[in-house]
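Below you'll find the structure, written out as structure tokens, and then a few comments.
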Amino acid sequence: MGETEKRTETHRVRCLSKIKMFLLALTCAYVSKTLSGSYMNSMLTQIERQFNIPTSLVGFINGSFEIGNLLLIVFVSYFGTKLHRPIMIGVGCVIMGLGCFLQSLPHFLMDRYEYESTVSVSSNLSSNSFLCVENGTHIFRPTEDPSACVKEVKSLMWVYVLVGNIIRGIGETPIMPLGISYIEDFAKSENSPLYIGLIETGAIIGPLIGLLLASFCANVYVDTGSVNTDDLTITPTDTRWVGAWWFGFLICAGVNVLTAIPFFFLPKTLPKEGLKDNVDKIDKEEKHKDQEVKQEKDGITKDFLPFMKSLLFNPVYMLFILISVLQFNAFINMISFMPKYIEQQYGKSSSDAIFLIGIYNLPPICIGYIVGGLIMKKFKITVKQAAHIGCWLSLLEYLLYFLCFVTTCDNSSVAGLTTSYEGMQHDLYVGNTLFADCNMNCNCPIKIWDPVCGDNGLSYMSACLAGCEKSTGSGINMVFQNCSCIQTSLNSSAVLGLCDKGHGCAMMLQYFLILSALGSFIYSLAAIPGYMVLLRCIKSEEKSLGVGIHAFCTRVFAGIPAPIYFGALVDSTCLHWGTLKCGEPGACRIYNSTNFRYIYLGLPAALRGSSYIPAILILFILRKRRLPGENVSSGIVLVETKVTGKSNECKDMHQYSKVVNDEDMKTKL
């Protein structure tokens with residue numbers, strides 16, 4: 001008898017260790033997948049410049065992750081529990097690693113990055129052939145080799161990034177649903193909320209690491225090690241700068257593959273955590289669970305159409321989906337293009353913008369979720385109360401959001417583009433204003449973007465257009481002198497790069513980031529009550545299908561199209577496009593900051609504003625609708641249904657919903 005008890009205790013301890021091993025492995029998988037997602041989102045600007053493609057195409061590449069996710073989500077949701085879940089998750093991590101590696105591949109297949117410039121480090125700088133020469137006969141051409149032009153135009157290397165992102169989306173699909181269901185099946189009911197909380201911690205750590213990695217890589221030149229960086233005439237603040245985007249993808253690929261290894265050594269099933277009976281009872285429990293799973297699958301197949309009909313005719317549920325689609329359209333656009341907005345509006349480099357986003361936005365989100373969960377637990381908030389809390393907190397954050405319209409900076413003052421050569425602001429870009437009396441005879445190129453900053457505080461598209469006749473120094477330290485268009489009492493000189501936007505603009509950036517942090521906290525505080533409304537407005541037997549349809553709709557109607565149409569709108573604000581070797585337009589070099597601000601802040605404001613119409617309708621419906629008795633305590637929700645009159649215990653659905661619905665936002669961060 002003593003030997004049997006000892007064997008049973010050893011078996012139980014071994015099982016306990018395995019469930020904790022799975023928990024650790026799953027947390028690492030969450031870190032790796034959110035790391036990859038946040039890194040990809042942060043590198044969109046670098047990818048745009050590397051491949052000289054418009055923002056709308058970059059938006060399509062970004063949305064392709066959701067396409068890959070949708071390709072497999074139905075299969076995983078239906079057949080996932082029948083298969084070996086740890087191995088499925090491990091295979092998913094390997095596939096994510098493959099996708100990340102594929103995204104980095106173009107760097108090794110392409111020639112070195114060449115940015116447009118009137119200054120050539122390989123030419124004889126003493127000849128000053130790139131400067132203004134009165135009555136000169138030289139003509140600037142992007143290239144003299146037609147074959148190089150054809151090769152560049154037909155380059156489709158960005159397709160590797162697109163396909164890699166789709167593959168990454170496919171690989172990520174099984175991690176969340178199969179991982180959470182495995183924890184739910186084999187962990188103690190009272191331990192499940194703690195375990196899911198630990199997993200959520202990994203989902204927050206991942207984006208933070210991803211943003212820090214992206215900030216580092218964006219500050220390192222793309223071809224570092226292959227070129228002499230001392231000869232570069234651009235800095236990270238220049239819109240032609242491309243960081244080492246490929247390096248971070250290689251790190252993400254390695255991390256994803258490493259996190260896959262433990263899953264291949266974990267069993268398909270485990271005894272329920274804390275089960276103290278003998279091994280025979282454990283086997284009976286496992287057989288009973290298999291029978292329940294089979295019956296559940298048969299029931300889902302049989303009741304699929306009735307469940308769908310019930311959900312479609314559920315007004316609260318359908319209105320909640322409409323709210324989610326509108327809100328997700330707004331936030332996906334804001335998060336995806338926030339680095340570009342900070343670059344263009346406040347004159348920061350990509351590296352600095354990404355770092356500031358990570359520092360100012362992620363910690364408030366973490367605190368908001370924790371505080372929101374504690375409030376829900378301590379005060380035992382009902383569904384009607386949760387709906388009011390979520391709606392009015394979100395509305396408060398929405399009203400606070402309008403203060404961002406005040407935290408603005410003027411357009412960069414570029415002579416002939418945004419201002420006249422006398423420093424007067426232009427409303428619209430007019431091509432022939434690039435020439436003035438001071439540079440009319442210089443025979444300068446008007447398509448090449450190679451800005452310089454004059455000591456009069458005005459920027460010029462090139463040293464030639466500034467009328468500069470001499471240069472000293474080399475690389476980024478080059479100084480141009482005798483510039484006829486720069487009217488100052490000094491020596492009329494200029495240096496490479498756009499002029500700084502000044503201390504006032506830097507202060508506006510601080511105000512914008514503080515508002516962003518405060519808004520992130522308030523909105524995350526309202527998120528958990530909102531998720532509770534989603535789950536409580538549908539019957540317990542419809543929850544899996546309801547949550548799945550909600551995720552499907554947000555992906556199809558927000559995750560995929562939002563970056564595409566928003567990118568096209570951003571392209572419409574471009575003032576000057578880059579020039580490829582053959583003269584074709586490349587990536588945008590400078591935007592109309594005012595129009596960009598109206599689109600970046602105004603469109604999400606319109607989308608979110610329209611979402612409060614169905615939100616008010618939900619409050620009105622809940623006010624008229626009599627709900628059965630409710631009780632929320634320690635992550636357990638009791639729902640009394642009118643049909644059966646029985647009390648159904650929905651264990652940890654609050655936490656499960658939070659994982660399901662918050663997944664997209666964390667990946668984008």
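The values are calculated or read from the model by the stated rules, or taken from the named source; none is laboratory data. Please read all numbers here as calculations on a predicted model, not as lab measurements. Every residue, glycine as well, gets a Cβ built from its backbone with ideal geometry; the counts of neighbours run over all protein chains shown. Remember, those area values only see protein heavy atoms, side chains included, never the ligands or the DNA or RNA. Shrake-Rupley method; radii C 1.70, N 1.55, O 1.52, S 1.80 Å.
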Single unsatisfied condition, Ala558 versus (1) part of a helix (DSSP H, G or I); (2) open to solvent by 40 Å² or more (accessible area, probe 1.4 Å): (2)
Matching residues, the range 491-521, being hydroxyl-bearing (Ser, Thr, Tyr) and either at pLDDT below 90 or under 30 Å from Ser117 (Cα atoms) (or both): Ser492, Ser493
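A quick yes/no check of all residues on (1) β-branched (Val, Ile, Thr); (2) in contact with a strand residue (DSSP E or B) (Cβ under 9 Å, 6 or more places away or on another chain):
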{"position": "Phe328", "(1), (2)": "no, no"}
{"position": "Gly347", "(1), (2)": "no, no"}
{"position": "Ser351", "(1), (2)": "no, yes"}
{"position": "Ile357", "(1), (2)": "yes, no"}
{"position": "Asn361", "(1), (2)": "no, no"}
{"position": "Ile365", "(1), (2)": "yes, no"}
{"position": "Ile370", "(1), (2)": "yes, no"}
{"position": "Met376", "(1), (2)": "no, yes"}
{"position": "Lys380", "(1), (2)": "no, yes"}
Filter the range 490-501 for residues that are within 35 Å of the chain's Cα centre (by Cα) and open to solvent by less than 30 Å² (accessible area, probe 1.4 Å); the one that is nearest to Val406 (Cα to Cα) is Cys499
Leading residue by the ranking (modelled with the lowest pLDDT) among those in the range 100-119 that are among the polar types (S, T, N, Q) and either open to solvent by 90 Å² or more (accessible area, probe 1.4 Å) or out of contact with any helix residue (DSSP H, G or I) (no Cβ under 9 Å at 6 or more places or on another chain) (or both): Thr118
Candidate set: the range 609-640, residues that are modelled with pLDDT under 50 and of a type in the set (S, T, N, Q); chosen: the one farthest from the chain's Cα centre (by Cα): Asn631
Pairs only if they're at least six apart or on different chains, beta carbon under 6 angstrom, first in the range 333-356 and in contact (Cβ under 8 Å) with a residue 12 or more places away in the chain and over 27 Å from Leu607 (Cα atoms), second of a type outside the set (Asp, Glu) and not in a helix (DSSP H, G or I); list them, first residue then second. Gly347/Lys501; Ser349/Pro236; Ser349/Thr237; Ser351/Asn219; Ser351/Pro236
Is it true that some residue in the range 593-609 is outside any helix (DSSP H, G or I) and under 23 Å from Cys505 (Cα atoms)? no
Can you find a residue in the range 378-392 that is modelled with pLDDT under 90, at positive phi and surrounded by fewer than 16 Cβ atoms within 10 Å (Cβ to Cβ)? yes
Select from the range 560-578 the residues that are modelled with pLDDT of 90 or more, farther than 15 Å from Pro604 by Cβ and of a type outside the set (A, V, I, L, M, F, W, C) and list them in ascending order. Asp571, Ser572, Thr573
Residues of the range 186-219 that turn out to be in a helix (DSSP H, G or I) and open to solvent by less than 40 Å² (accessible area, probe 1.4 Å), as a count: 20
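Okay, residues lined up against (1) farther than 28 Å from Glu343 by Cβ; (2) out of contact with any helix residue (DSSP H, G or I) (no Cβ under 6 Å at 6 or more places or on another chain):
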position: Tyr511; (1), (2): no, yes
position: Leu515; (1), (2): no, no
position: Ser520; (1), (2): no, no
position: Tyr523; (1), (2): no, no
position: Ala526; (1), (2): yes, no
position: Pro529; (1), (2): yes, no
position: Cys537; (1), (2): yes, no
Pair list, Cβ < 7 Å and 6+ apart or interchain, from the range 222-249 residues that are without any contact (Cβ under 8 Å) to a residue 12 or more places away in the chain and farther than 18 Å from Ala463 by Cβ to residues that are open to solvent by 50 Å² or more (accessible area, probe 1.4 Å) and not in a helix (DSSP H, G or I): none
Being of a type outside the set (Val, Ile, Thr) and either within 15 Å of Ala605 (Cβ to Cβ) or open to solvent by 30 Å² or more (accessible area, probe 1.4 Å) (or both) is the filter here; which residues of the range 513-524 pass it? Leu515, Ser516, Leu518, Gly519, Phe521, Tyr523
Note: among Ile359, Ile323, just one is at pLDDT 90 or above, among the β-branched types (Val, Ile, Thr) and open to solvent by 50 Å² or more (accessible area, probe 1.4 Å), namely Ile359
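Conditions tested, residue by residue: (1) within 28 Å of Ile370 (Cα to Cα); (2) within 18 Å of the chain's Cα centre (by Cα).
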| residue | (1), (2) |
| --- | --- |
| Leu513 | yes, yes |
| Val533 | yes, no |
| Cys537 | yes, no |
| His550 | yes, no |
| Thr554 | yes, yes |
| Gly559 | yes, yes |
| Pro563 | no, yes |
| Phe566 | no, yes |
| Asp571 | no, no |
Is it true that some residue in the range 220-230 is open to solvent by 40 Å² or more (accessible area, probe 1.4 Å), assigned to a helix (DSSP H, G or I) and under 30 Å from Asp111 (Cα atoms)? yes
